[in-house]
Amino acid sequence: MKTEYHSITAYITKDGSLVRELMHPATHKNAKQSLAQAIIPMGTRTRLHRHIHSEELYHITSGRGRMTLADEVFNVSAGDTLCIKPGISHCIENMGDQDLVVLCCCSPAYSHDDTELLE
């Protein structure tokens with residue numbers, strides 16, 4: 001199964017990031033996970049949130065930022081990969097001079113219903 005980037009419409013998620021679902025069961029009929037690209041523009045951050053059931057992997061493909069993961073706050077940049085376990089509060093802030101671009105893999109697949117805003 002293949003998707004083409006130019007054919008995917010971006011949308012704003014509950015946390016405020018601009019997302020393109022590169023592969024998602026609701027659209028592409030894969031089974032148990034989703035892969036998305038999130039863009040956090042310069043000077044912005046996502047809203048603090050958590051996912052009740054989904055584990056997320058973030059892979060930073062460009063830019064640099066500051067990640068809040070529960071009580072921990074640390075810098076991230078292109079090439080870094082993070083694991084966000086279910087129920088852990090998190091947000092990411094763009095600290096650079098270009099878009100912060102993140103690949104997000106969720107298992108089970110991303111769902112607005114599984115996203116709880118904390119602010």
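Observations on the model:
- Restricting segment 35-70 to residues that are of a type in the set (Gly, Ala, Ser) and either out of contact with any Ser or Thr (no Cβ under 8 Å at 6 or more places or on another chain) or surrounded by fewer than 17 Cβ atoms within 10 Å (Cβ to Cβ) (or both), the residue that is farthest from Thr115 (Cα to Cα): Ser62
- Conditions (1) surrounded by fewer than 17 Cβ atoms within 10 Å (Cβ to Cβ); (2) not in a strand (DSSP E or B); number of the one not met by Tyr110: (1)
- Selection count where residues are outside any loop (DSSP other than H, G, I, E, B) and either without any contact (Cβ under 8 Å) to a residue 40 or more places away in the chain or among the polar types (S, T, N, Q) (or both), scope segment 56-100: 19
- Residues that are in contact with a helix residue (DSSP H, G or I) (Cβ under 7 Å, 6 or more places away or on another chain) and either under 12 Å from Tyr110 (Cα atoms) or loosely packed, with under 10 Cβ neighbours inside 10 Å (or both), drawn from segment 1-19: Met1, Lys14
- Just one of the listed residues (Arg47, Arg64) is within 13 Å of the chain's Cα centre (by Cα) and basic (Lys, Arg), and it is Arg47.
- Residues of segment 73-119 that are touching a Gly at 6+ places or on another chain (Cβ under 7 Å) and either within 29 Å of Lys29 (Cα to Cα) or β-branched (Val, Ile, Thr) (or both): Val76, Ile92, Leu100, Val101.
The numbers here are math on the coordinates, done by the rules we state, and not lab data. Because the structure is predicted, anything quoted here is derived from the model rather than measured. As a convention, Cβ positions derive from the backbone with ideal geometry for all residues, glycine included, and neighbour counts pool all protein chains shown.
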